[in-house]
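Undergrad: The structure follows.
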């Protein structure tokens with residue numbers, strides 16, 4: 001099963017403005033369909049236990065239900081523009097390709113609900129749809145904010161202003177929908193494949209970006225059981241050091257804000273200091289949340305950790321965006337706080353996985369890295385290390401080409417090497 | 001044999017070691033003499049005169065089990081650290097933190113392994129204390145609290161090893177000479193701030209007790225100290241008190257089990273007088289002095305035994321250093337206990353002088369023994385290895401001796 005994205009990002013302001021009202025009939029129909037799907041799923045469970053494979057009519061019914069739910073939520077959350085069909089037929093700009101019924105291991109069928117619990121944690125933070133199976137208290141954290149909800153909320157304002165959906169927000173929503181669809185398909189026995197949380201493979205081809213703050217992941221997936229078990233305690237000295245450094249960083253950020261407002265560019269030493277702080281923050285959180293394996297150093301040195309942050313040299317920034325930086329950063333900060341919740345779930349699941357298998361699952365690691373990158377970009381934006389707004393969607397990152405000096409006339413610059421394969425297994 | 005010869009100190013070094021040893025003995029003697037205690041001929045009292053047979057049997061059983069269990073825990077600790085000293089250096093690959101950071105990681109992992117090895121013993125001890133009604137802490141809260149407590153322990157481990165490894169990187173084999181003042185400074189800081197870090201404490205609300213404490217401070221000649229109550233009754237029934245802090249942070253902590261569980265006013269007053277005695281004698285500072293004295297051989301041995309791994313500047317040497325540190329600590333504990341018992345006896349004497357109530361002293365000791373299920377006259381080996389206070393019978397004997405000397 002995979003998500004197919006053919007949306008062109010164009011939006012009509014009229015339909016965007018009334019999106020929630022237009023989506024209402026589809027939501028009502030989804031609830032009715034969900035009641036039917038509940039009973040069909042139970043019959044399907046018994047049938048699959050006996051046959052070892054879902055009967056085709058039941059499989060098709062449930063597959064259509066999952067597809068329709070995806071269409072509806074894609075429409076509601078502005079990941080797609082046209083109204084969906086009521087019958088869950090393929091062809092929508094945010095669509096699902098679902099394979100036919102296959103044989104399934106009966107043991108995994110018997111214990112499907114239990115096996116789906118870890119994925120339920122993730123889907124709850126991503127979309128909140130896990131609350132349908134009584135995880136509403138967990139969803140209630142942060143006032144019920146979810147990745148999907150926040151991205152749709154901010155996307156609404158963006159689309160109203162520009163008559164286009166922001167690519168990052170659209171891709172983020174698509175990723176959340178893809179995971180939710182995989183979860184429901186797995187739970188309802190439409191698929192026997194465990195949901196993959198890897199944002200790099202969830203929505204098809206990804207954009208290649210050269211942001212001024214970018215992350216590179218060279219981490220192996222091996223984990224030491226000893227350091228996994230004691231991860232929280234081992235990170236404690238780093239957290240104390242990070243808090244102390246954070247006090248200084250806050251003061252430095254205030255000085256940086258005033259300096260940048262006056263000069264239009266950060267002083268070199270403040271840029272370097274704050275970049276090191278943001279990098280150290282990334283190293284520590286990567287270690288704490290098990291996205292990285294080795295114990296990080298205490299100075300945030302570039303190239304010292306396999307989950308690393310690269311920061312481009314300082315650049316001139318628009319003084320208006322500097323003046324209102326905290327106001328502008330508010331949406332990103334809100335989204336980053338939900339990404340932090342996601343990281344917590346990644347850490348809990350990764351802790352168990354690391355203890356039992358001495359490895360971090362690739363999907364979880366990449367999801368954690370994705371969340372870390374967004375949080376780091378947000379920190380860098382808030383601290384005026386960069387003027388570039390955090391990119392919320394999954395993407396492939398390549399180093400920025402070195403700036404070419406204006407004078408004297410430089411020799412021809414060789415083409416940069418081909419971008420490395422991102423976030424290898 | 002050749003290797004052993006190579007390890008033996010050369011003559012100039014031997015002279016230096018000898019000079020340090022002489023200085024050490026002189027300092028230890030001076031520190032010992034600084035705690036004034038009249039030469040008393042304490043009578044050997046029969047505990048059966050003060051305690052029932054059933055209590056003596058019950059307390060002896062209770063304490064002996066804990067002592068043996070503690071001994072087994074120490075043996076396990078050393079065994080685990082021997083294994084860690086041999087294999088721990090492989091964990092270097094789990095670090096991207098450079099030389100010092102990797103050493104810090106290995107030190108923390110060493111303590112983590114020790115925690116894992118000691119948890120079963122801790123649970124057995126808790127089970128035993130619960131069985132005898134001395135503790136009512138749950139097993140899960142104990143485990144969770146102990147695990148989370150590792151975090152704060154790791155901060156200090158991190159700081160300590162960062163200093164040692166940083167110095168070893170610069171001073172090579174002579175790091176320990178520079179580390180001594182740094183660690184004494186850290187210990188001073190730690191004792192100074194410790195009253196503010198003790199959890200669940202509050203002010204003593206009784207104005208009478210506050211006034212009595214002030215009067216005792218005047219009599220015993222100590223500086224002013226804060227009087228605080230620590231809420232511990234949820235975990236234990238045992239009564240206790242302690243004095244901590246330095247100068248302006250001097251604090252006397254009374255457990256709430258002491259205030260609300262059968263001790264009358266004059267008994268509490270006697271306990272406060274004992275703690276003020278500690279502050280008047282500057283015992284917190286002297287304890288740092290004793291610990292600093294024992295750090296000298298500990299650091300010297302650490303420097304000596306880590307040479308085969310390239311010295312303590314190398315992270316691979318940290319597991320060996322941990323083993324040496326723990327072994328020296330285990331060996332030093334009985335010796336330190338001798339010094340600490342002397343301080344406790346001097347504080348008892350000061351309390352007797354201040355309150356002039358030997359009967360209250362005896363009543364306090366009786367209550368302490370009964371409520372803590374403490375063996376009033378433990379076997380010699382338990383006394384030597386684990387007791388950092390005089391035995392209950394010795395303390396009762398001191399009250400008798402004071403009474404006999406009273407003009």
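Read-outs: derived from the displayed coordinates by stated rules, not from any lab. Bear in mind the structure is a predicted one, so any value in this text is a computation, not a measurement. Positions of Cβ are backbone-derived with ideal geometry, glycine not excepted, and every protein chain shown enters the neighbour counts.
Undergrad: Which of A:217, A:240, A:346 moves most in a GNM of chain A, Cα contacts under 10 Å?
TA: Of A:217, A:240, A:346, the Gaussian network model singles out A:240 as fluctuating most.
Undergrad: For a footprinting-style exposure proxy, rank B:111, A:230 by other Cβ within 10 Å, fewest first. Walk me through the numbers on the way to the answer.
TA: On the way: B:111 18, A:230 23.
In order of increasing Cβ crowding within 10 Å: B:111, A:230.
Undergrad: If you take every DSSP beta bridge whose two residues both sit in the protein assembly as shown, what share of them, in percent to the nearest 5, is antiparallel?
TA: Numbers: 20 of 29 bridges.
If we restrict to bridges inside the protein assembly as shown, about 70 percent are antiparallel.
Undergrad: For the Cα atoms of chain B, what angle does the longest principal axis make with the long axis of helix B:11-33, in degrees from 0 to 90, nearest 10?
TA: Here the helix axis deviates by roughly 10 degrees.
Undergrad: How would B:128, B:349 line up from fewest to most surrounding beta-carbon atoms within 10 angstrom?
TA: B:128, B:349
Undergrad: Now for a separate question. May I ask you to work out the translational diffusion coefficient for the stretch B:280-397 at 10 °C, viscosity 1.306 mPa s, via Stokes-Einstein with Rh from the Kirkwood sum over Cα pairs, reported in whole µm²/s?
TA: Working: Rh = 16.7 Å.
Diffusion coefficient, whole number: 95 µm²/s.
Undergrad: Another one. Show me the three semi-axes of the equivalent ellipsoid for the protein assembly as shown, from the C-alpha gyration tensor (sqrt of 5 times each eigenvalue), largest first, rounded to whole Å.
TA: Working: eigenvalues 782, 231, 143 Å².
The equivalent ellipsoid of the protein assembly as shown has semi-axes of 63, 34, 27 Å.
Undergrad: Sticking with this structure for a sec: Between the helical axis of A:325-357 and the dominant principal axis of chain A, each derived from Cα atoms, what acute angle in degrees is found, rounded to the nearest 10?
TA: 60 degrees
Undergrad: Something else: Calculate log10 I(q)/I(0) of the stretch B:46-98 for q = 0.20, 0.21, 0.23 Å⁻¹, where I(q) comes from the Debye formula with a single equal point scatterer on each Cα and nothing for solvent.
TA: -0.80, -0.82, -0.87
Undergrad: What span do the alpha-carbon atoms of chain B cover on each of the three principal axes, reported in whole Å from largest to smallest?
TA: Principal-axis extents of the Cα atoms in chain B, largest first: 65, 48, 40 Å.
Undergrad: Give me log10 I(q)/I(0) at q = 0.17, 0.18, 0.19, 0.26 Å⁻¹ for the stretch B:81-158, Debye formula, one equal scatterer per alpha-carbon, no solvent.
TA: -0.74, -0.80, -0.85, -1.18
Undergrad: Still on this model: Measure out, as a whole number of angstrom, how far apart the alpha-carbon centroids of the stretch B:280-296 and the stretch A:238-263 sit.
TA: 40 Å
Undergrad: Follow-up question, since we're still on this one. If you look at just the Cα atoms of chain A, how large are its Rg and its Dmax in Å?
TA: 22.9, 78
Undergrad: If you count, for each residue, the other Cβ atoms within 10 Å and average over each peptide, how do A:261-268, B:316-323, A:367-374 line up from highest to lowest? Numbers along the way, then the final one.
TA: Values: A:261-268: 14.8, B:316-323: 25.2, A:367-374: 27.1.
Descending packing order for the listed peptides: A:367-374, B:316-323, A:261-268.
Undergrad: Show that you can apply the helix-only estimate: for the protein assembly as shown, add -39,500 (n - 2.57) for every DSSP H stretch of four or more residues, divide by all residues, and state [θ] at 222 nm to the nearest 500. If you can, show how the numbers build up before the last one.
TA: Numbers: 29 runs with 522 residues, N = 832.
After summing the helix terms and dividing by residue count, I get -21000 deg cm²/dmol.
Undergrad: Expressed as a rounded percentage, what relative contact order does chain A have, with Cα pairs under 8 Å and six or more residues apart?
TA: On the way: 681 pairs, mean separation 78.1, N = 425.
Relative contact order here is 18 percent.
Undergrad: Evaluate peptide A:291-301: per residue, the Cβ atoms of other protein chains within 10 Å of its Cβ; return the mean as an integer. Don't jump to the answer; show the numbers that get you there.
TA: Numbers: counts 0, 1, 4, 8, 12, 6, 8, 7, 3, 0, 3.
Whole-number average of other-chain Cβ neighbours for A:291-301 is 5.
Undergrad: For the stretch B:184-274, count the residues as N, evaluate 2.2 N^0.38 Å, and divide the Cα radius of gyration by that value, please. Intermediate results must be reported in sequence, preceding the final value.
TA: Details: Rg = 13.3 Å, N = 91, 2.2 N^0.38 = 12.2 Å.
That works out to 1.09 for the stretch B:184-274.
Undergrad: Treating each Cα of the stretch A:1-64 as an identical point scatterer and ignoring solvent, apply the Debye formula and state log10 I(q)/I(0) at q = 0.13, 0.23, 0.30 Å⁻¹.
TA: -0.59, -0.98, -1.15
Undergrad: Sorted from fewest to most neighbouring beta carbons within 10 Å, what does the list A:343, B:330 look like? Let's see the in-between values first.
TA: Working: A:343 25, B:330 14.
Ordered by Cβ neighbours within 10 Å, fewest first: B:330, A:343.
Undergrad: Then there's this: For chain A, set up a GNM with springs between Cα atoms under 10 Å and report which of A:348, A:291, A:94 has the largest fluctuation.
TA: Taking springs between Cα atoms under 10 Å, the residue moving most is A:348.
Undergrad: Taking the radius of gyration and the Kirkwood hydrodynamic radius from Cα positions alone, what is the Rg/Rh ratio for the stretch A:1-120, to two decimal places? Provide the component values of the computation, followed by the final result.
TA: On the way: Rg = 16.3 Å, Rh = 15.8 Å.
Checking Rg against Rh, the ratio lands at 1.04.
Undergrad: How much of the DSSP beta bridge set in chain B is antiparallel, as a percent to the nearest 5? Before the final figure, lay out each step's value.
TA: Values: 8 of 13 bridges.
The antiparallel fraction comes to roughly 60 percent.
Undergrad: Could you give the angle, 0 to 90 degrees to the nearest 10, between helix B:207-220's Cα long axis and the longest principal axis of the Cα atoms of chain B?
TA: So the inclination is approximately 70 degrees.
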